[in-house]
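Q: Would you mind keeping the following structure in view while I ask a few things?
The values are calculated or read from the model by the stated rules, or taken from the named source; none is laboratory data. Nothing here was measured: the structure is a model prediction, and the numbers come from that model. Because the Cβ atoms are built from the backbone with ideal geometry, glycine has one as well, and the counts that use them run over all protein chains shown. Side chains included, ligands, DNA and RNA excluded: accessible areas come from the protein's heavy atoms. Shrake-Rupley method; radii C 1.70, N 1.55, O 1.52, S 1.80 Å.
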Amino acid sequence: MFMAPDPGLLRLRVSLRAVLGIALAVTLSELAGLSLTASITGGLAALLALFTVADPTVRGQAVTTALLPAVGFPALALATVLHETPTLRDAVWLAVIFCGVYARRWGPRGHALGIFAFMTFFVTQFLHAVPAQLPDLYTAMTLSLVASSAVRFGAWCIERRTPPPAAPAPKDDRGLARPTTRQAFQAFAACAFAMAAGQVLSQERWYWAVGTVWWIFVNTTSRGETLVRGFRRLLGTITGILVGLLVAVPLQGAPAPTAALIAVCVFGIFYTAALSYSWMMLCVTVMAGLLYGLLGVLTPALLGLRLAQTGVGALGAGLAVVLILPVTTDAVTNRWVRRALHEVHGCTATAARRLAGDPDADPAPRVAQLEALLGRVRLSLAPLVHPLNPLRPRKERARRVLALLDDCAREARGLAAVAADPEASHDTRLTAACHRVESAVATLVGASPKHLTRPHVEPSPHHPGAEQALAHLQRLEHALTSLSQPLQGTTFAQP
């Protein structure tokens, strides 16, 4: 994980910015004389704003951040007012959960607002907040969102120079065929199970089971993805508890070292989120232990209860995706693989047009979209390549597909880099190579190749840029041809 590529040090910069923004948010709450409960609420609000808001434009991110209080304030009020009426509180929270998951159909903004509403309700249970604390909680949340926004959109607006690639949108189905609708019912049922079972284990810390279910259902679609994510959450929680026993328990809430370690955990959450859910959960678990230390309630028994509640939540999520409106791993995988292959063709065609002299053709955005699609392919194939998968033929096929798609992405990146060279010229051999790539993609997805008309320019067969482009196209064609066997039948259902 620590050797994973970080182009432009983007993950590093985003992680450092998060530490700065959250530190500023907590500092403002403390300077305003707010309670520790309010300061923690503000810090978590800042973390959520920086972590979950992922609109494709800076303007969109600013609008979504401004809308967070519209869902956060009512959730705070409901959670605190209903704290003494458990039955009604649980029913309202389940309604918030269903609506929060269903809102993902509206893209990144709905996703962020749904998470913020859920987590605001969760934080209130975590801190045992009461109605009398609402003014302080509202003030802390407002100050924190202002502080984190000042860092994100003012002092250090990374996205202005490095726009994040747009997240691939799921297939736009209707009714129960829509993934977000199916997942809303699954999350509702799983959280209801987690609430009931969690309260049997503990009447005070039952909400950890519900939180586990919620985050297992974030960024997953198929049954296999959800089960693997539940396993990784459990693994990350176990390792986080072991680290907490060695680090958080001995500190017993000492302010300065605890604050420093929380900053390290925040950095770890942001830096590892895109790479390893288990490592991210380790950081989250250690941070939770440190916060409990600040509140003066941290004990080894509490960390053990945290593990038990995580297990209950993972079990609830697993039962829900198996029994309620299940979506198979094969169906999701095939869909994302086909979209990635179409994007490979788009990258090739756009790069070829650029090499042929079209100044408006820019393959860079297509390459960024291809990388995003490959991320979804890796996520959907994770259950098949998991070490615990006993079906070795399927595992080997999935690994072969991933390796060849990575080869395609590497050659597409190289081709785009060559096309960006203003000195690069067209070679007549490139046209034939591009046609072969189109035909290879069409064969894989079961479509007819549609050759693009490219502007005519005088050939320059000895230009080094043309030679490099031709080499990338040849290797790309080889990778696509090699994919035909593991993708035969466009299903992973049979060994």
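Q: Using the structure shown, decide if Gly311 is surrounded by fewer than 21 Cβ atoms within 10 Å (Cβ to Cβ) and in contact (Cβ under 8 Å) with a residue 60 or more places away in the chain.
A: yes
Matching residues to (1) touching a helix residue (DSSP H, G or I) at 6+ places or on another chain (Cβ under 8 Å); (2) open to solvent by 10 Å² or more (accessible area, probe 1.4 Å); (3) in contact (Cβ under 8 Å) with a residue 40 or more places away in the chain:
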site	(1), (2), (3)
Gly198	yes, no, yes
Ser202	yes, yes, yes
Glu225	yes, no, yes
Arg232	yes, yes, yes
Thr258	yes, no, no
Ala263	yes, yes, yes
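Q: Separate question: Taking into account only those residues within the stretch 356-374 that are touching a residue at least 12 places away in the same chain (Cβ under 8 Å), more than 11 Å from Ala416 (Cα to Cα) and not aliphatic (A, V, I, L, M), which is surrounded by the most Cβ atoms within 10 Å (Cβ to Cβ)?
A: For the stretch 356-374, the residue satisfying everything is Gln369.
Q: Has the stretch 103-118 got at least one residue that is within 22 Å of Thr64 (Cβ to Cβ), aromatic (Phe, Trp, Tyr), open to solvent by less than 10 Å² (accessible area, probe 1.4 Å) and without any contact (Cβ under 8 Å) to a residue 60 or more places away in the chain?
A: The answer is no; no qualifying residue exists.
Q: Could you check the stretch 261-279 and list, in sequence order, the residues that are aliphatic (A, V, I, L, M) and modelled with pLDDT of 95 or more?
A: Answer for the stretch 261-279, where residues must be aliphatic (A, V, I, L, M) and modelled with pLDDT of 95 or more: Leu261, Ile262, Ala263, Val264, Val266, Ile269.
Q: Determine which single condition Thr37 fails, assuming it passes every other condition in (1) part of a helix (DSSP H, G or I); (2) more than 25 Å from Gln203 (Cα to Cα); (3) touching a residue at least 40 places away in the same chain (Cβ under 8 Å).
A: Looking at each condition in turn, Thr37 falls short on (2).
Q: Here is a further query. In the stretch 234-248, what residues are open to solvent by 60 Å² or more (accessible area, probe 1.4 Å) and within 30 Å of Leu384 (Cα to Cα)?
A: Within the stretch 234-248, Leu235, Ile238, Leu242 qualify.
Conditions (1) modelled with pLDDT of 95 or more; (2) within 23 Å of the chain's Cα centre (by Cα), marked per residue:
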residue: Pro5; (1), (2): no, yes
residue: Ser35; (1), (2): no, no
residue: Val71; (1), (2): yes, yes
residue: Glu84; (1), (2): no, no
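Q: With Thr142, Thr80, Thr87 as the choices, which residue is open to solvent by 50 Å² or more (accessible area, probe 1.4 Å), part of a helix (DSSP H, G or I), free of Cβ contacts under 8 Å to residues at least 60 places away in the same chain and of a type in the set (S, T, N, Q)?
A: The match here is Thr87.
Q: Another question about this same structure. Of the residues Arg378, Arg353, which single one is touching a helix residue (DSSP H, G or I) at 6+ places or on another chain (Cβ under 8 Å) and either of a type in the set (Ser, Thr, Tyr) or open to solvent by 60 Å² or more (accessible area, probe 1.4 Å) (or both)?
A: Selected residue: Arg378, the only one of Arg378, Arg353 that is touching a helix residue (DSSP H, G or I) at 6+ places or on another chain (Cβ under 8 Å) and either of a type in the set (Ser, Thr, Tyr) or open to solvent by 60 Å² or more (accessible area, probe 1.4 Å) (or both).
Q: Looking at Thr52, Thr57, Thr64, Thr41 in this structure, which one is closer than 28 Å to Ala189 by Cβ and among the polar types (S, T, N, Q)?
A: The unique qualifying residue is Thr52.
Q: Here's another thing I want to ask about it. Just name the residue that is least open to solvent (accessible area, probe 1.4 Å) out of those in the stretch 55-70 that are more than 15 Å from Met119 (Cβ to Cβ) and among the small types (Gly, Ala, Ser).
A: Out of the qualifying residues, it is Gly60.
Q: Still on this structure, please answer the following. Out of Leu405, Leu444, Leu415, which single residue is crowded, with 19+ Cβ neighbours inside 10 Å and modelled with pLDDT of 80 or more?
A: That would be Leu405, the only listed residue that is crowded, with 19+ Cβ neighbours inside 10 Å and modelled with pLDDT of 80 or more.
Q: Here's another thing I want to ask about it. Kindly indicate whether Trp208 is free of Cβ contacts under 8 Å to residues at least 24 places away in the same chain and either closer than 29 Å to Ala382 by Cα or within 19 Å of the chain's Cα centre (by Cα) (or both).
A: In short, no.
Q: Name the pairs whose Cβ atoms lie under 7 Å apart, with the first residue in the stretch 154-166 and open to solvent by less than 50 Å² (accessible area, probe 1.4 Å), the second outside any helix (DSSP H, G or I) and modelled with pLDDT of 90 or more, and 6 or more positions between them or separate chains?
A: The qualifying pairs are Pro164/Ala54.
Q: Just to be sure, is Leu251 open to solvent by 20 Å² or more (accessible area, probe 1.4 Å), more than 20 Å from Phe118 (Cβ to Cβ) and touching a residue at least 60 places away in the same chain (Cβ under 8 Å)?
A: no
Q: Name the single residue, out of those in the stretch 1-34 being in contact (Cβ under 8 Å) with a residue 24 or more places away in the chain and within 21 Å of Pro131 (Cα to Cα), that is most open to solvent (accessible area, probe 1.4 Å).
A: Within the stretch 1-34, the match that is most open to solvent (accessible area, probe 1.4 Å) is Ala32.
Q: Right, another one. Surrounded by 17 or more Cβ atoms within 10 Å (Cβ to Cβ), under 19 Å from Thr310 (Cα atoms), over 16 Å from the mean Cα position of the chain (by Cα) and in contact (Cβ under 8 Å) with a residue 12 or more places away in the chain: is that true of Ala147 in this structure?
A: no
Q: Scan the stretch 32-65 for residues that are touching a helix residue (DSSP H, G or I) at 6+ places or on another chain (Cβ under 8 Å) and small (Gly, Ala, Ser) and jot them down.
A: Ala32, Ser35, Ala38, Ser39, Gly42, Gly43, Ala45, Ala46, Ala49, Ala54, Gly60, Ala62
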